[in-house]
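Trainee: My questions all concern the structure below.
The values are calculated or read from the model by the stated rules, or taken from the named source; none is laboratory data. From a predicted model like this one, the values you see are computed outputs, not experimental measurements. Ideal geometry is used to build each Cβ from the backbone, glycine not excepted, and the neighbour counts take in all protein chains shown. These area figures cover heavy atoms from the full protein model, side chains too; ligands, DNA and RNA do not enter into them. Shrake-Rupley method; radii C 1.70, N 1.55, O 1.52, S 1.80 Å.
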Amino acid sequence: MYFQIILYRVGFELYTRVESRFWQDEKMRLVSDDARYLMLYLLTSPHRNVLGFYFLPEPYACFDLGWTVERFRKGLKELLENGLIKYDETAHVVLIINFLKHNPLENHNQVKSAIQKLNEIPKTPLLKDFYEAVKKYAGDKSHYSSLLEQLEKLLGEQLEQQLPKQFHKPFGKQEKEKEEEKEEEKEEEKEEEYRDILSSDDDAASEDEKTHDAIKPQEVVELYNSICISLPKVVSLSDKRKKQIRALTKRVRDRTLIETVFHKAEESDFLSGRSGRWNGCNFDWLINYNNFLKVLEGTYDNKETKPKSWNVLERLYKEELEKEMNSE
């Protein structure tokens, strides 16, 4: 059973479904009267939308409720601790976790309206939580697809904005020139570091090869020739190539990673030349450390046909993984 609370707004009706068991809900019974009343307010607020995800500054709520800021924050804290809502204090955005469970979008017109409302919401980290909620309650309903696509687009933009500063496009001519100078300096440092590695003493490299886990240059060549059958075969192991291989294996000591890169190169339509777009990949190109990393990270992997939603989740996973690695 449920009852409907109807508000009228500029020529159209906005319905919110509040089930009668709201008052018997276990979480509702655990919170104070103020928190329970605040939850009912959030469900029926005149500022709400069809998403249950909307802009709600504290002054708005305090004015509507006739509460002080302290009283509002106390009730809000209870709802947050019980997992009923999420609130972004910076963007002043509230997300009612199970709103779409009880108030699903019924058709394409409602979804279209929802997308319009979504675009009006300030940028907030809660977008990720809302995306998960939509995925959870959309099920196999096809009319949700356009909303999910829009969310994926917004999440993608959010991720791009969170990338390291050097990848951002600078604003203004002077800032752009400064950014370009910094990039050039970084590239020069990388090249100098790489040259130092290549010119390192051969005796030191020989000592590395004597260790138990050392990967010998000849082994790397044999791996390449046996795996990368579509690429030019290595017929000579020159001193220069030995130095290049030693420079790589000083950084990459795991034989499995080298095998992985060679397999990726062979399987890549672009690197193997099967796509006809480029024929410059060879052994010397692959053992360049920067190129090696790009291949290992999947830059040249064949594009797979998979749902857009999976791309976003994959990017989110990489983002979280990167944060963990940086924190270490």
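Trainee: Hey, can you tell me all the residues within the stretch 237-286 that are closer than 16 Å to Lys216 by Cβ and part of a loop (DSSP other than H, G, I, E, B)?
Mentor: Listed by number, the residues that qualify are Leu237, Ser238, Val252, Arg253, Asp254.
Rundown of residues vs (1) open to solvent by less than 100 Å² (accessible area, probe 1.4 Å); (2) over 30 Å from Leu237 (Cβ atoms); (3) at pLDDT 85 or above, yes/no style:
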| residue | (1), (2), (3) |
| --- | --- |
| Asp269 | yes, no, yes |
| Leu286 | yes, no, yes |
| Asn290 | yes, no, yes |
| Glu297 | no, no, yes |
| Asp301 | yes, no, yes |
| Lys308 | no, yes, no |
| Asn311 | yes, yes, no |
| Tyr317 | no, yes, no |
| Asn326 | no, yes, no |
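Trainee: Open to solvent by 40 Å² or more (accessible area, probe 1.4 Å) and closer than 19 Å to Leu30 by Cβ: is that true of Glu106 in this structure? Let's see the steps before the verdict.
Mentor: Working: open to solvent by 40 Å² or more (accessible area, probe 1.4 Å): yes; closer than 19 Å to Leu30 by Cβ: no.
In short, no.
The rows are residues; the columns are (1) at pLDDT 90 or above; (2) open to solvent by 80 Å² or more (accessible area, probe 1.4 Å); (3) in contact with a helix residue (DSSP H, G or I) (Cβ under 9 Å, 6 or more places away or on another chain).
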{"site": "Asp203", "(1), (2), (3)": "no, yes, no"}
{"site": "Asp213", "(1), (2), (3)": "no, yes, yes"}
{"site": "Leu231", "(1), (2), (3)": "yes, no, yes"}
{"site": "Leu257", "(1), (2), (3)": "yes, no, yes"}
{"site": "Ala265", "(1), (2), (3)": "yes, no, yes"}
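Trainee: For Arg17, which of the numbered conditions (1) open to solvent by 70 Å² or more (accessible area, probe 1.4 Å); (2) under 34 Å from the mean Cα position of the chain (by Cα); (3) at pLDDT below 70 fails to hold?
Mentor: So the condition that Arg17 fails would be (3).
Trainee: Let me ask something additional. Say we look at the stretch 117-141 and pick out the residues that are under 15 Å from Leu159 (Cβ atoms) and part of a loop (DSSP other than H, G, I, E, B); which of these is most open to solvent (accessible area, probe 1.4 Å)?
Mentor: Filtering the stretch 117-141 for residues that are under 15 Å from Leu159 (Cβ atoms) and part of a loop (DSSP other than H, G, I, E, B), the one most open to solvent (accessible area, probe 1.4 Å) comes out as Lys123.
Trainee: Something else now. Go through the stretch 38-81 and give me each residue that's more than 19 Å from Phe130 (Cβ to Cβ), open to solvent by less than 50 Å² (accessible area, probe 1.4 Å) and outside any helix (DSSP H, G or I).
Mentor: Result: Trp67, single match.
Trainee: List every residue pair whose Cβ atoms sit under 6 Å apart, with the two residues 6 or more apart in sequence or on different chains, where the first one lies in the stretch 110-137 and is charged (D, E, K, R) and the second, anywhere, is open to solvent by 60 Å² or more (accessible area, probe 1.4 Å).
Mentor: Here the result reads Asp129/Lys86, each pair linking the stretch 110-137 to a residue that is open to solvent by 60 Å² or more (accessible area, probe 1.4 Å).
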